[in-house]
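This report concerns only the one structure given below.
Read-outs throughout are calculated quantities, based only on the coordinates presented, and are distinct from any laboratory measurement. Since the structure is predicted, the reported quantities are computational estimates derived from the model, not experimental observations. Virtual Cβ from ideal backbone geometry, glycine too; neighbours counted across all protein chains shown.
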Amino acid sequence: MRLSKSLCSVVGGAIASTGSHPTLDALFISAGAPSEPPALSHHAKWKEWLFRTGQDPNVDSLSVLGGVLEEFMDLAPKLTTPEYAEWQERRSRVEAVLEENGLRYFRSGRVLPQGTPVEDNASQVHERASSSPAKPATVEDLLEIIVRGLRKAMHPLTHRRKGVQPLAFGSEYDVQDLLHALLRPWIGDIWPEEFTPSYAGSSTRMDFLLPVHSLVIETKIVRDRSHAKRIGDELIIDIEHYRKHPNCNRLWCVIYDPDHLITNADGLKNDLEGERTSKDGECVVTVFVL
């Protein structure tokens, strides 16, 4: 469903006051917002991201909207504090703009078209939640789900309960360990840190080799702006190493860029992706920039 600009403006304005850029980035990502956060000011960023969500035909925009609104709508400040009156006013504005757009908010992050039988919808939600997820048909399907969901998987670990030490994902080892944990229930034969044959007088270690599937996963984390400029060159060298390995017919490069330092992610993907062939072997490269 397309989200109107007026709706996105009111909701974005209400949400903007509830947290910092990183906090709200995590909120939107966990709610299922598509693509990367817009590089805009704190005031404009959230309404633009919501508007883009409503333009994406592959995204359930009402589900994302409900996920973004849930904490704001359901958790009121203490009645005796000055913040309560301000929250109540902003919440009323959100309810009014939802009504103008033919929508209504229900507790626990549900935004539904007006007139939708709430009981039926609730039972459908329960049925979907209680049923087991279908196993992906191919290893590529599985990997795409896991890789695209890495940032969502990080969210409950970086935003843990009060008094519990949150986990950080500041190094490649942190990202690799999470990826390894997500892969283990699905793939039994995973070789971490397998050495490659020598190339240009040196060898390197693969992050993960899945020998049954002739597939290698390489992870990178962008450390700073200088590293963002070099990461493509690093991967080009890695590709030359990996395609000499007899069990590497496919290479998945997962680049985690938490501070959005890569300025042209599409250009980087276009430079690296596709079939790479030489006398030493061939390898099909797939790149994800998170």
Helix 5-16: inclination vs the chain longest Cα principal axis, degrees, rounded to 10, gives 80
Could you state the per residue volume, in Å³, of the convex hull enclosing the Cα atoms of the chain? 161
More than 14 angstrom separation, counting every C-alpha pair in the range 239-290; what % is that? 52
Over the chain, the sum of -39500 (n - 2.57) across DSSP H runs of at least four, divided by residue number and rounded to 500 deg cm²/dmol, gives at 222 nm -15000 deg cm²/dmol
Candidate cut points under trypsin sites (Lys or Arg not before Pro) in the range 232-290, DSSP loop plus at most 13 other Cβ atoms within 10 Å of their own Cβ, are LYS279
Cα-based Rg of the range 139-289 normalised by 2.2 N^0.38 Å, two decimals: 1.06
For LEU167, what charge total do you get from the other residues with a beta carbon under 13 Å from its beta carbon, if Lys and Arg give +1 and Asp and Glu give -1? 0
Please determine, in degrees from 0 to 90 and to the nearest 10, the orientation of helix 42-55 with respect to the longest principal axis defined by the Cα atoms of the chain, where the helix direction is its Cα long axis. 80
Please give me the summed charge of the neighbours of ALA16: other residues whose Cβ is under 12 Å from its Cβ, Lys and Arg +1, Asp and Glu -1. +2
Trypsin sites (Lys or Arg not before Pro) within the range 139-175, DSSP loop, no more than 13 other Cβ atoms inside 10 Å: ARG160, ARG161, LYS162
Net charge within 15 Å of THR158 by Cβ-Cβ distance, Lys/Arg positive one each and Asp/Glu negative one each, not counting THR158 itself? +1
If each residue of separation counts as 0.36 nm, what is the full-extension length gain between GLU36 and THR116 once their alpha-carbon separation is subtracted? 25.6 nm
Rg to Rh ratio, the range 5-129, alpha-carbon atoms and Kirkwood radius? 0.96
What is the dipole size for the chain, taken about its Cα centre, with +1 at each Lys and Arg Cβ and -1 at each Asp and Glu Cβ, in debye to the nearest 20? 560
Amide H of ARG223 versus every other amide H placed in the peptide plane: which residues, excluding those fewer than 5 positions away on the same chain, fall under 5 Å? ALA228
With 5 Å bins from zero, work out the P(r) of the range 147-196 over every alpha carbon pair and list the percent per bin. 4, 17, 24, 23, 17, 10, 4, 1, 0
